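> Can you keep this structure in mind? I'll have questions shortly.
The values are calculated or read from the model by the stated rules, or taken from the named source; none is laboratory data. Worth saying up front: this structure is predicted, and the values here are computed from it rather than measured. Heads up, the Cβs are rebuilt from the backbone with ideal geometry, glycines too, and the neighbour counts pull from every protein chain shown. Accessible surface areas use protein heavy atoms only, side chains included; no ligands, DNA or RNA. Shrake-Rupley method; radii C 1.70, N 1.55, O 1.52, S 1.80 Å.
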Amino acid sequence: MKQAPYLQIDGVEKTFTRGDTSNHVLADIHVGIDKGEFVSIIGHSGCGKSTLLNIIAGLTPATSGGVLLDNKEVNEPGPDRAVVFQNHSLLPWLTVYENVRMAVDKVFRATKSRAERHDWTMHKLDLVHMAHARDRRPAEISGGMKQRVGIARALAMEPKILLLDEPFGALDALTRAHLQDSVMQIHATLKNTMIMITHDVDEAVLLSDRIIMMTNGPAATIGEILEVSLPRPRKRLELVTNTTYIKAREAVLKFLYERHAFVEAA
Amino acid sequence: MSRPALRAVETMPQPSAAAPAPSAEVVTLTPPRSAPRLALLKPKLISTASVVLPPLLTLALILLVWEILCSGAGATLPSPSQVWRDSSDLILDPFFVAGSQDIGLGWRVLTSLQRVAIGFGLAALVGIAVGTLVGQSTWAMRGLDPIFQVLRTVPPLAWLPISLAAFRDANPSAIFVIFITAIWPILINTSVGIRNIPQDYRNVAAVLRLNQIEFFWKIMLPSAAPYIFTGLRIGVGLAWLAIVAAEMLTGGVGIGFFIWDAWNSSKLSDIIVALVYIGFIGFVLDRLIAGLATIVTRGTAAN
């Protein structure tokens, strides 16, 4: 028998019920993700990508089915599944350092000394190149910098799995490219397991080992899973002419715009 | 009575030392020594003058009009010069003690401030606590909010007979009136602030597994702080409004009773001086809370 994957999503269904109306969002999601893997979830708006991520994070309970991480069932949020939120979600009254330190203090209160927690915090800020802005408040730094701090805060929890909810959606193209490179670098260094939600086909192909493509809702499910067998480290410029890259990109585009084109009126 | 008032001197004005002292000090740097320094100071002087002069001119104009209107033979109110002649002792020395009832206005104001401090302090504690409950729990809101909405419209002085009957003493009754007046804006603003905590912050707290106490101190209070301070600022203004009226009715030492006493002995000039005191203290209280708010909520509002 094959060894169970690190993260196992088993028959997850989600129905939102409000009053008499119920909305079947996710149907029959089965997938396993291995340790150290980078997986993207791509699909049109409203296909339940974020709901799926929230179920993995434990922020939303599944209607039926379950999620197993490292052979333990997920039924509440926790720092072993750190989330990088779409809108950074930094606390505006704390400085960059304090935002990360708060997470460090909470997770490592019992296991690390004060000095170790400080070093750990600074190390994570270094990792995302934000140590220079440690005493700034979120309102005083750019959107890309905020997202970097959000990543540092998530990494600081030393999660088993890092969940990124459209982390670069609100950023301009250049900043986004910088952050994508940073995330690739972090993934190469730390060998984290990461799940990222995205709208962006290039981003998905560039970063992922596998791309999970979702069908349109209602009752969205996994339409197809694409392996991206490009060697790492990946260089964005070299990939432009790479046949594997172009083929993968084409496959995702065909899935999204031919077979599961988004019907506005639906 | 003057003993507790003395203690109030020590406790009350401390925050005012931390708060920025406005305009008055700036005027003192006027006399320039030499010509180059004068040239350097000139823009500064002009900007200072443009802030200080308009209110001073307006004040002079008002005093002038008042003087003209009230110096005729049939005037019912004293003119400014008359006020000065009658009550210059009250204006010049706020802290004289000439007898058990003949004391400076400063002492009376401090006695009133002490009542406000106790009543307002209690209102802040209870208001923030209950406001948090109402903001957090849908059932508490459904149960309590309609009652609060009715109670908050009751005028402060309407509570006075009830509280006199309940406490059978003037001082706690006055404090209760302050409490019941100041609590509603604090409570309602706090609950709105708590209800408006963004879902993102709650998600962060959930991922970090903050417990209830950590959530309260680290997320709730800072996130709702701008709302809470708005409530506190409205509350302190209302408290100061209510104390004067309450003291007029309950008697004893205090700025409100002083006015009532002066009215009964037809010392109109004294009343006018007391009004200026009340206005000034109310202004200082408001600035104090506002200053505290900018220190505490730095960053929060800027998001």
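> Restricting to Cα atoms and excluding each atom paired with itself, what does the Kirkwood estimate give for the protein assembly as shown in Å? If you can, show how the numbers build up before the last one.
Details: mean 1/r = 0.0343 Å⁻¹.
After inverting the mean inverse Cα-Cα distance, the result is 29.1 Å.
> For region A:8-77, report the translational diffusion coefficient in µm²/s to the nearest whole number, using Stokes-Einstein at 4 °C, 1.567 mPa s, and a Kirkwood Rh over Cα pairs. Each step should come with its number before you reach the end.
Details: Rh = 12.8 Å.
Answer from the Stokes-Einstein relation: 102 µm²/s.
> Given a 1.4 Å probe and no ligands, DNA or RNA in the count, how much accessible surface is buried by A and B, both sides, to the nearest 100 Å²?
On the way: alone 13410 and 17800 Å², together 29220 Å².
Rounded to the nearest hundred, the buried surface is 2000 Å².
> For B:196-206, what's the mean count of beta carbons from other chains sitting within 10 Å of each residue's beta carbon?
Whole-number average of other-chain Cβ neighbours for B:196-206 is 4.
> Let me ask something additional. Determine the shielding of peptide A:86-95 by partner chains: average, over its residues, the number of Cβ atoms on other chains within 10 angstrom of each Cβ.
Numbers: counts 1, 2, 1, 8, 4, 11, 10, 14, 4, 1.
Across the residues of A:86-95, the mean count of other-chain Cβ atoms within 10 Å is 6.
> Still on this structure, please answer the following. For peptide A:102-113, compute the average count of partner chain beta-carbon atoms within 10 Å of each residue's beta-carbon. Provide the component values of the computation, followed by the final result.
Numbers: counts 6, 3, 0, 2, 8, 2, 0, 0, 0, 0, 0, 0.
Mean partner shielding for this stretch: 2.
> Further question on the same structure: Give the percent of DSSP beta bridges with both residues in the protein assembly as shown that are antiparallel, rounded to the nearest 5.
Here the share of antiparallel DSSP bridges comes out near 55 percent.
> Sticking with this one: How much FRET efficiency would the formula 1/(1 + (r/R0)^6) give for B:Asp93 and B:Arg287, where r is the Cβ-Cβ distance and R0 is 22 Å, rounded to 0.05? Provide the component values of the computation, followed by the final result.
Numbers: r = 25 Å, r/R0 = 1.12.
The value I calculate is 0.35.
> Would you please give the residues with an amide H less than 5 Å from that of A:Arg136, counting only those at least 5 places away or on a separate chain, with H modeled from the backbone geometry?
A:Val96, A:Tyr97
> Need the list of lysines near A:Lys146 for cross-linking: C-alpha distance under 24 angstrom, and skip anything on the same chain fewer than eight residues off.
A:Lys49, A:Lys106, A:Lys124, A:Lys160, A:Lys191, B:Lys218
> Fully extended, how many nm does the chain gain between B:Trp84 and B:Ser47 (0.36 nm per residue separation, minus their Cα-Cα distance)? Numbers along the way, then the final one.
Details: separation 37, 0.36 × 37 = 13.32 nm, distance 3.20 nm.
Result: 10.1 nm gained on full extension.
> Could you check how many percent of all C-alpha pairs in region A:91-224 are farther apart than 26 Å?
Values: 2470 of 8911 pairs.
So the pairs more than 26 Å apart make up 28 percent of the total in region A:91-224.
> So, one more: Spelling out what I want: for every residue of region B:120-136, take phi, set θ = phi - 60°, compute 6.51 cos²θ - 1.76 cosθ + 1.60 (Karplus), and round to whole Hz; glycine and proline get x.
Result, rounded to whole Hz: 5, x, 4, 4, 5, 4, 5, x, 5, 5, 5, x, 4, 4, 5, x, 7.
> Provide the percentage of antiparallel DSSP beta bridges, counting only those with both residues in chain A; round to the nearest 5. Show your work: numbers first, answer last.
Working: 21 of 40 bridges.
DSSP beta bridges in chain A are roughly 50 percent antiparallel.
> Can you give the FRET efficiency to the nearest 0.05 for B:Asn211 and A:Glu238, using r as the Cβ-Cβ distance and R₀ = 35 Å? The partial results should precede the final answer.
Values: r = 49 Å, r/R0 = 1.41.
The formula returns an efficiency of 0.10 here.
> Oh, and also: How are the alpha carbon pair distances in region B:228-303 distributed across 5 Å bins from zero to the largest one, expressed in percent?
P(r) for region B:228-303, in whole percents per bin: 3, 15, 20, 18, 14, 10, 8, 6, 4, 2, 1, 0.
> Taking all protein chains in place and a 1.4 Å probe, what share, in percent, of the accessible surface of the protein assembly as shown do carbon and sulfur account for? Show your work: numbers first, answer last.
Working: 18020 of 29220 Å².
Carbon with sulfur: 62 percent of the solvent-accessible area.
> For labels at B:Arg195 and B:Ser137 in the simple 7 Å Cα→Cβ model, what's the distance in nm?
1.6 nm
> Just to be sure I understand the model, the point goes 7 Å from the Cα along the line to the Cβ. What's the resulting B:Leu268 to B:Ile147 distance in nm?
4.9 nm
> Here is a further query. In whole angstrom, note down how far apart the Cα centers of region B:83-147 and region A:199-260 are.
Answer, in whole Å: 67.
> Quick check on region A:109-183: what are the equivalent-ellipsoid semi-axes from the Cα gyration tensor, as sqrt(5λ), descending, whole Å? Display every interim value, and only then the final one.
Values: eigenvalues 109, 45, 19 Å².
Taking √(5λ) for each Cα gyration eigenvalue gives 23, 15, 10 Å.
> Determine the sum of side-chain charges near B:Leu90: Lys and Arg each +1, Asp and Glu each -1, restricted to other residues whose C-beta is under 15 angstrom from that of B:Leu90.
-3
> What is the percent of Cα-Cα separations in chain A that go past 27 Å?
40 percent
> In region A:63-197, what % of DSSP beta bridges are antiparallel (nearest 5)? Let's see the in-between values first.
Details: 2 of 11 bridges.
Looking only at bridges with both residues in region A:63-197, the antiparallel portion is about 20 percent.
> Another one. Tell me, what ³J(HN,Hα) does each residue in region A:92-108 have, in order and in whole Hz, if you take phi through Karplus 6.51 cos²θ - 1.76 cosθ + 1.60 with θ = phi - 60° and put x for Gly and Pro?
Working through the residues one at a time gives x, 8, 9, 6, 3, 4, 5, 4, 6, 4, 4, 5, 4, 4, 6, 7, 10 Hz.
> Which order do the peptides B:86-97, B:224-235 come out in when sorted by mean C-beta neighbours inside 10 angstrom, highest first?
B:224-235, B:86-97
> Which order do the peptides A:233-244, A:65-76 take when ranked by the mean count of other beta-carbon atoms within 10 Å per residue, highest first?
Numbers: A:233-244: 11.6, A:65-76: 15.1.
So the peptides A:233-244, A:65-76, ranked by packing, come out A:65-76, A:233-244.
> Now, a different point. Among the aspartates and glutamates, select those whose C-alpha is under 15 Å from the C-alpha of A:Lys35, and discard any that sit fewer than 8 residues away in the same chain.
Leaving aside aspartates and glutamates fewer than 8 places away in the same chain, those within reach of A:Lys35 are A:Asp70, A:Asp80, A:Glu158, A:Asp209.
> Normalised by the empirical 2.2 N^0.38 Å for globular proteins, what value does the Cα Rg of chain B take? Intermediate results must be reported in sequence, preceding the final value.
Values: Rg = 23.6 Å, N = 303, 2.2 N^0.38 = 19.3 Å.
Dividing the Cα radius of gyration by 2.2 N^0.38 Å gives 1.22.
> Tell me, in nm to one decimal, what length is gained between A:Ser45 and A:Leu174 on full extension, where the rule is 0.36 nm per residue of separation less the Cα-Cα distance? Write down the numbers at each step before the final one.
Values: separation 129, 0.36 × 129 = 46.44 nm, distance 2.32 nm.
Contour length minus Cα-Cα distance gives 44.1 nm.
> Further, regarding this structure: Quick one: which of A:159-170, B:210-221 comes out on top by average Cβ neighbours within 10 Å, and what's the full order, highest first? Please list the in-between numbers first.
Values: A:159-170: 21.7, B:210-221: 15.5.
The densest-packed peptide leads the list: A:159-170, B:210-221.
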